[in-house]
Amino acid sequence: MNYIGLEKKGTNELSEKLNNLLASYQIHYQNLRGLHWNIQGTNFFELHVKYEELYTRTQVVIDDIAERILTLGHRPLHTFTDYLSHSSIKELPTTSDGHAGMEYLLNAQKDLLILERDILELSGEVNDEGTNSMISDLIREKEKDSWMFRSWLSK
């Protein structure tokens, strides 16, 4: 058992998955910054603000995930080399098109949800309510955001 009463074997696998999620969020964060900086066109004001809201929230999520990994007794990834090799989200080429940016967001949300649901299942199996609660909240937020992005795209 580790110092918070969870089996070390379970927290090893959970921390690996959390590190993959952390890496994915880090690449997603940088993609959001790029969208924010480069947006142009008729939706500039609307999307410029939305992208800033999203990357600001993502910064908090990144910190929460890293601190959860530390709480479980493991080390969070911190280099861009590690992020690129562990992320399920790829770097987004520079785009100024609002529609393309929203398509990216919808796809990134889906990728993150897959990782989060996998972690949620494992955290339940190892009785890790702290990780379970954090990931459940992320899933709920992401599902709502995905509905809004789909509505914006009229899909």
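Each value in this text was obtained by applying a stated rule to the coordinates, not by laboratory testing. Please read these numbers as outputs of a predicted model, since none were measured by experiment. Glycine gets a Cβ as well: all are built from the backbone with ideal geometry, and neighbour counts include every protein chain shown.
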Between the modelled labels at Leu113 and Arg57 (7 Å from Cα along Cα→Cβ) the distance in nm is 1.4 nm
The ratio Rg/Rh over the Cα atoms of the range 8-153, Rh being the Kirkwood inverse mean 1/r radius, stands at 0.99
Here the range 86-91 yields Karplus 3J(HN,Hα) values (6.51, -1.76, 1.60; θ = phi - 60°; whole Hz; Gly and Pro given as x) of 10, 7, 8, 9, 9, 4
Under the Karplus relation with 6.51, -1.76 and 1.60 and θ = phi - 60°, whole-Hz ³J(HN,Hα) for the range 27-43, x at Gly and Pro, equal 5, 4, 4, 5, 4, 4, 4, x, 4, 4, 5, 9, 4, 9, x, 5, 9
For the range 116-129, Karplus-derived ³J(HN,Hα) couplings (6.51, -1.76, 1.60; θ = phi - 60°; whole Hz; x for glycine and proline) come out as 5, 5, 5, 5, 4, 4, 5, 5, x, 5, 9, 6, 9, 5
